[in-house]
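Trainee: Pasting in a structure now, in structure tokens, and then I'll have a few things to ask.
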Amino acid sequence: MAMTQYNDTTAFYDDVAEDYHLWYRDWDAELDREGLNLRRFFRDREVKTVLDASCGPGTQAIALARLGYAVTAADPSAGILARARENAAQYGVGDRITFVQSDFQSLLRNVEGPFDVVLTKGNSIPHLLLDEQIEESLLIFNELLRPGGLLLIGMRDFEPLLEDRPRFWPGRVHDGPDEQVITFDIWDWNDGPPITVTFNHFIVRGDGTTYKATRHPVVFRALTAAEVEVVMLEVGFENIQSHRDRWELLITATKPA
């Protein structure tokens, strides 16, 4: 069955906002790592302003604000934006980040460019199920960038997973003083078109012999890096490059000067 509807992910991210950090081994270490990793792409580009178009709990936005960049952080989920604001205040950068509730398609109404960098990480682009939604979003990113500005997309490249279509994906085990928390995913594949996969995020909490599990489903298009790079070319980006970073593929491109 073809997928024609808008993929509303806000309920999922609202539900997991308080537990989002559980998908990281160490969120503090992740902040340090993300800031340093992103900064290497900004070298020699005179970057001062950054739009994080899918900020989640603030992993990239906070990391960059701590390094002195002026960050605008957008996300459609009110719950996860509230968590991002709390996190930013905790790390002392609440006054350096402008938070905006917006999805990709609404950015032009909600933020004012141009920006030196537009980035979206955390596998957000694959939430767009249709070709026209991906093209529209990349056109908006292009419009929000200054000439010569950098676009950075971080996503899971589903191409190597399409043949085997794994069902189980391990997460993390957190051993606390009062309870143990375990995360993992069960993936449900749908042939589409386009091919989609529902990530059923499980959070299991307990101690001794008693544990309780909660399930949080969210849908992704099984998008490949090659598909994204083709659309980047079509909407006018240049200098397109791919970089491996653990599970994520980082795709960078520049707006013509």
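Trainee: Using a 1.4 angstrom probe with every protein chain in place, what is the largest-first accessible-area order of D103, D245, D14?
Mentor: My answer, sorted largest first, is D14, D103, D245.
Trainee: Please report the relative contact order for the range 146-250, taking Cα pairs under 8 Å with a sequence separation of at least 6, and give it as a percent rounded to a whole number.
Mentor: Once normalised by length, the contact order is 26 percent.
Trainee: Answer with one residue from T72, Q90, Y211: the one whose Cα lies farthest towards the positive end of the charge dipole of the chain, charges on Cβ with Lys, Arg +1 and Asp, Glu -1.
Mentor: Farthest along the dipole direction, towards plus: Q90.
Trainee: Treat the chain as a sphere of radius equal to its Kirkwood radius over Cα pairs and apply Stokes-Einstein at 10 °C in a medium of 1.306 mPa s; give the translational diffusion coefficient in µm²/s, rounded to a whole number. It would help to have the intermediate numbers written out before the result.
Mentor: Details: Rh = 18.9 Å.
For the chosen part, D equals 84 µm²/s.
Trainee: First obtain the Kirkwood hydrodynamic radius of the range 177-257 from its Cα pairs, then insert it into the Stokes-Einstein equation at 25 °C and 0.890 mPa s, and state the resulting D in µm² per second as a whole number.
Mentor: 153
Trainee: Under a cut-off of 24 Å between alpha-carbon atoms, report the lysines in cross-link reach of K212, not counting same-chain residues fewer than 8 places apart.
Mentor: Counting by Cα, and skipping residues close in sequence, K212 has no lysines nearby.
Trainee: A follow-up question, please. Using only the Cα atoms of the range 20-153, what semi-axes does the equivalent ellipsoid have when each is the square root of 5 times a gyration tensor eigenvalue? Give whole Å, largest first.
Mentor: Taking √(5λ) for each Cα gyration eigenvalue gives 21, 18, 14 Å.
Trainee: For the chain, which whole-number percentage of the solvent-accessible area (1.4 Å probe, protein heavy atoms only) is attributable to carbon and sulfur atoms?
Mentor: Here carbon and sulfur together make up 48 percent of the probe-accessible area.
Trainee: Right, another one. To make sure I understand the rule: partners must be aspartates and glutamates, Cα under 13 Å from the Cα of K48, and not fewer than 8 residues away in the same chain. Which ones qualify?
Mentor: Partners found: D116.
Trainee: Compare the peptides 225-235, 135-145 by average per-residue count of other Cβ atoms within 10 angstrom and give them in order, highest first.
Mentor: Values: 225-235: 16.4, 135-145: 19.5.
In decreasing order of mean packing, 225-235, 135-145 become 135-145, 225-235.
Trainee: Going out from 0 in 5 Å bins, what whole percent of all Cα-Cα distances in the range 1-66 drops into each bin?
Mentor: 3, 14, 20, 19, 15, 11, 9, 6, 2, 0
Trainee: Loop by DSSP (not H, G, I, E, B), at most 16 other beta-carbon atoms within 10 Å: where is the longest site-free stretch of the chain for trypsin sites (Lys or Arg not before Pro)?
Mentor: Counting at most 16 other Cβ atoms within 10 Å as exposed, the longest clean stretch of the chain is 49-166.
Trainee: Here's another thing I want to ask about it. Could you tally the net charge around F237, taking each other residue with its Cβ under 11 Å from the Cβ of F237, Lys/Arg +1 and Asp/Glu -1?
Mentor: Here the charged neighbours net out to -2.
Trainee: Next question. Using only DSSP helix segments of four residues or longer, with each worth -39500 (n - 2.57), what per-residue ellipticity at 222 nm results for the chain after dividing by its residue count and rounding to 500?
Mentor: Values: 7 runs with 72 residues, N = 257.
Rounded to the nearest 500, it is -8500 deg cm²/dmol.
Trainee: Follow-up question, since we're still on this one. Less than 13 Å Cβ to Cβ from P166, Lys/Arg counted +1 and Asp/Glu -1: what total charge do the surrounding residues give?
Mentor: Every neighbour counted, the sum reads -1.
The values are calculated or read from the model by the stated rules, or taken from the named source; none is laboratory data. Please read all numbers here as calculations on a predicted model, not as lab measurements. When we count neighbours, we look across all protein chains shown, and the Cβ atoms used for this are built from the backbone with ideal geometry, even at glycine. The accessibility values were calculated without ligands, DNA or RNA, using every heavy atom of the protein model including side chains. Shrake-Rupley method; radii C 1.70, N 1.55, O 1.52, S 1.80 Å.
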